[in-house]
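What follows is a short report on a single structure.
The values are calculated or read from the model by the stated rules, or taken from the named source; none is laboratory data. Remember, it's a predicted structure, so these values are computed and weren't measured experimentally. Cβ placement follows ideal geometry from the backbone for every residue including glycine, while neighbour counts extend to all protein chains displayed. The area values use the complete protein model at the heavy-atom level, side chains included, leaving out ligands, DNA and RNA. Shrake-Rupley method; radii C 1.70, N 1.55, O 1.52, S 1.80 Å.
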Amino acid sequence: MSNADKLAIAGGTPVLKRSDYQNWPIIGPDDRRLINEVLDSGIVAGGTAPQVAALEREWAEYIGTKYCLTTNSGTAALHMSLAAVGVGPGDEVITSAFTFLASASCALHQNAIPVFVDIDPRTYCMDPDKLEAAITERTKAIIPVHIQGLSADMDRIMAIARKHHLYVIEDACQAHGATYKGRKVGGIGDIGTFSLNNYKNLPGGEGGLFNTNSLEYLEKAMLIRCFGDEIDEVSHRRIYNASILGYMYRNQELPAAFARAQLLHLDEYNAIRIANANYLTQELAKIPGVIPPYCPPECQHVYFMYNVRFDPTAAGVDASPRRFRIAVEKALYREGVLVGQWQTMPVPAQDIFQSKLGYGGSSFPWAVNEAKGIKYNYDPNQFPVAQALCDSYTIVHGVHAPNGRELMDKIVAAFHKVFADLPTALAHADDAIYPGADGRLYGAG
Ligand SMILES: *Cc1c(COP(=O)(O)O)cnc(C)c1O
């Protein structure tokens with residue numbers, strides 16, 4: 001065996017170097033121009049300040065909704081949405097078992113109780129076939145999540161929501177620019193929410209966006225975003241008289257300017273992600289045991305994350321899916337491929353749901369309903385599809401612009417190299433190797 005064939009995990013030469021990867025976000029002249037506009041203006045903050053107001057107009061237009069509000073995080077936008085539609089103590093909010101915690105913790109922050117639905121085995125989004133069984137007379141809202149850049153099955157989710165008179169809050173925090181039947185996600189439900197954090201397809205450093213066509217939700221959200229404080233209709237000044245419970249969820253000028261500059265390139269950068277992902281999918285599908293992501297024909301995926309699963313049976317090896325994934329992940333990582341898991345378990349399997357300890361370490365908000373004899377069971381066995389995904393998937397980092405074909409070819413070569421010697425990879429499955437991308441790849445310090 002030549003040193004080029006010998007796996008790096010066994011002392012061979014790695015296929016890739018860290019310098020083969022270019023970082024995200026891409027910072028260019030538009031970012032500098034708009035950031036300098038803020039500095040030159042001397043206006044750095046304010047709920048109706050110029051950059052914030054412009055971002056709201058531009059993002060409403062991009063998504064195709066009448067209104068948009070910026071917030072200081074995607075999590076804030078989700079919580080503000082539930083508050084704006086009037087979700088409250090003891091209400092249930094349904095979301096997907098495979099998502100980021102914030103899709104569920106936003107319900108807890110509103111004293112409501114998250115209920116989880118397992119995922120579709122191909123799209124990894126909420127399985128509409130399992131949605132109706134999760135609805136009770138306490139259900140108030142559904143939060144479908146457009147996971148890793150792919151739209152949930154919105155027609156079916158909207159139809160079920162309408163039938164049961166439920167609000168639909170889209171968690172589009174991972175899917176800026178993704179479409180479902182030609183419509184942008186985040187503009188389909190009652191409210192759509194986005195994150196502007198550094199990892200996302202539309203980064204602002206930090207921040208969030210709230211989209212709606214409803215003037216009622218807009219006006220309520222404007223109050224909630226700023227302490228619940230009323231504005232005097234004549235003077236347009238805050239009168240420091242809160243009429244409802246609010247929070248401090250405003251964004252600010254520098255992140256808004258940065259997001260506006262990034263928005264000028266969103267479609268171009270998404271097209272690069274799509275081209276890179278399609279190429280990886282075409283090439284990796286040729287390797288028995290590698291399962292690339294699926295995109296239904298009615299959707300445009302924007303590949304916030306590129307997810308591959310591994311199937312030991314198809315690869316012809318005798319190992320559990322979990323052990324096989326760990327072995328391949330470590331071997332790829334040693335070849336210099338930035339791979340590693342994002343969520344390691346279904347969200348309901350996290351300690352907070354297992355312990356059901358919320359406010360102040362108490363049993364609230366679950367106790368609101370458990371006192372009435374209603375039980376909440378977050379047994380992970382109820383989410384076998386999400387669990388099987390968590391056992392078998394990894395994220396292939398680096399599909400973002402400006403990375404291109406050169407990097408994709410090296411990633412493909414590393415996959416071929418590892419899959420040509422799976423016994424060696426499996427022999428190193430217990431090595432102390434910790435796969436994952438470094439923060440720098442995504443502009444994090
Ligand atoms: C990123 C993300 C959020 C939260 O966004 P922040 O801006 O980090 O608060 C919510 N839901 C999902 C699915 C996300 O990926």
- Task: Check THR344 against each of (1) over 22 Å from GLY88 (Cα atoms); (2) crowded, with 21+ Cβ neighbours inside 10 Å and name the one condition it does not meet.
- Result: (2)
- State whether one or more residues within the stretch 242-249 are assigned to a loop (DSSP other than H, G, I, E, B), within 14 Å of the ligand (Cβ to nearest atom) and under 25 Å from the mean Cα position of the chain (by Cα). yes
- Task: Just name the residue that is farthest from PHE304 (Cα to Cα) out of those in the stretch 269-285 that are in contact with a strand residue (DSSP E or B) (Cβ under 8 Å, 6 or more places away or on another chain) and touching a residue at least 40 places away in the same chain (Cβ under 8 Å).
- Result: LEU284
- Task: Within the stretch 306-319, identify whether any single residue is open to solvent by less than 30 Å² (accessible area, probe 1.4 Å) and within 16 Å of the ligand (Cβ to nearest atom), and answer yes or no.
- Result: yes
- Item | Residue selected from the stretch 170-195 under the condition part of a loop (DSSP other than H, G, I, E, B) and over 21 Å from THR95 (Cβ atoms), by the criterion nearest to the ligand (Cβ to nearest atom) | GLY177
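Quickly run through the stretch 236-272 and pick out the residues that are closer than 24 Å to ILE63 by Cβ and open to solvent by 70 Å² or more (accessible area, probe 1.4 Å).
Taking the stretch 236-272 and keeping what is closer than 24 Å to ILE63 by Cβ, we get 247, 249-272.
Residues satisfying the conditions are GLN252, LEU264, ASP267, GLU268.
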- Message: I'm trying to understand the selection: among the residues of the stretch 60-81, which are in contact (Cβ under 8 Å) with a residue 60 or more places away in the chain and over 18 Å from the mean Cα position of the chain (by Cα)?
- Response: ALA60, TYR62, GLY64, THR65, LYS66, TYR67, CYS68, LEU69
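Return yes or no: is ALA275 surrounded by fewer than 18 Cβ atoms within 10 Å (Cβ to Cβ) and either modelled with pLDDT of 95 or more or in the same structural domain as GLU406 (by TED's automatic domain parsing) (or both)? Outline the logic, then answer.
Numbers: surrounded by fewer than 18 Cβ atoms within 10 Å (Cβ to Cβ): yes; either modelled with pLDDT of 95 or more or in the same structural domain as GLU406 (by TED's automatic domain parsing) (or both): yes.
Answer is yes for this residue.
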- Selected residue (criterion: nearest to the ligand (Cβ to nearest atom)) from residues of the stretch 197-216 that are open to solvent by less than 30 Å² (accessible area, probe 1.4 Å) and touching a Ser or Thr at 6+ places or on another chain (Cβ under 8 Å): GLY208
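Taking only the stretch 1-27 into account, find how many residues are within 28 Å of the chain's Cα centre (by Cα), without any contact (Cβ under 8 Å) to a residue 40 or more places away in the chain and surrounded by 12 or more Cβ atoms within 10 Å (Cβ to Cβ). Before the answer, list the steps.
Keep residues of the stretch 1-27 that are within 28 Å of the chain's Cα centre (by Cα), which gives 16-27.
Narrowing the set further to residues that are without any contact (Cβ under 8 Å) to a residue 40 or more places away in the chain leaves 19, 27.
Retained after the next criterion (residues that are surrounded by 12 or more Cβ atoms within 10 Å (Cβ to Cβ)): 27.
Residues meeting the conditions: 1.
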- (1) within 30 Å of ALA257 (Cα to Cα); (2) part of a loop (DSSP other than H, G, I, E, B) all hold for ASP40 apart from (2)
- Note on the structure: Only unsatisfied item for ASN307, checking (1) in contact (Cβ under 8 Å) with a residue 60 or more places away in the chain; (2) within 20 Å of ARG405 (Cβ to Cβ), is (2)
- Task: Go through the residues of the stretch 382-391 one by one and say whether even a single one is among the aliphatic types (A, V, I, L, M), under 30 Å from GLY90 (Cα atoms), open to solvent by less than 40 Å² (accessible area, probe 1.4 Å) and under 25 Å from the mean Cα position of the chain (by Cα).
- Result: yes
